[in-house]
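Only one structure is covered here, and it is reproduced in the block below.
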Amino acid sequence: MKGKELFNKYENVEFKDEIKEILDKYVKEEKRYIWDVETDNTIYDLESNGFINETVWDNNHGACFYFDKHNNTYTNREDAEYEKIKRAYERKLREATTKAWEEFGEEINWEDSEQKKFFVSCIISTNILQALFNCIYRVLPHYYYFPTKKSAQKFIEENRELIKEFFEVEEV
């Protein structure tokens, strides 16, 4: 039984306020995806300038299509904030890897098993941020690769705070 069903089943029973709060929290946490949202629920729209707009979902007037058509709508502020960090990290990573390959003077070649391709990795359990390499296959989410360990390390040093936010770790 889902949280909402459980909440509705016992809605008229006189629970203590604490129990109602717990059930209500469970119901809210259950609505994680935008397609689960019903009319009049609060949503958070990540705008192109990085501003997070808090508004109310309205299926009746087409607003739901407007907000969700660019896949920028979230059911809670935390998800919207993390998406903002993720997009900033990806933009900087894409920019840095493109520049590094241009400076290296070669293009990435997945058929060349001798050509090392370095990527940024974080071992969450130990908070170790490192540049690892791969030679022959692409591994998601590591789809931005550097031509040298030095260029990957440079990215790590220049973007340490953003990387910590992206990997959601305290110290790296």
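The values are calculated or read from the model by the stated rules, or taken from the named source; none is laboratory data. Predicted, not measured: the structure shown is a model, and the values here were computed from it. Methodologically, a virtual Cβ is constructed for each residue, glycine included, from the backbone with ideal geometry; neighbour enumeration extends over all protein chains shown.
Okay, here's what the table says:
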{"item": "Selection from the stretch 75-107 of residues that are surrounded by fewer than 15 Cβ atoms within 10 Å (Cβ to Cβ), within 19 Å of SER151 (Cα to Cα) and in contact with a strand residue (DSSP E or B) (Cβ under 9 Å, 6 or more places away or on another chain)", "result": "PHE104"}
{"item": "The stretch 115-172, residues that are at pLDDT 80 or above, assigned to a strand (DSSP E or B) and within 19 Å of GLU102 (Cα to Cα)", "result": "LYS117, PHE118, PHE119, VAL120, PHE146"}
{"item": "The stretch 146-160 residues that are on the phi > 0 side of the Ramachandran plot, paired with ones that are assigned to a helix (DSSP H, G or I) and surrounded by fewer than 19 Cβ atoms within 10 Å (Cβ to Cβ) (beta carbon under 6 Å, 6 or more apart)", "result": "none"}
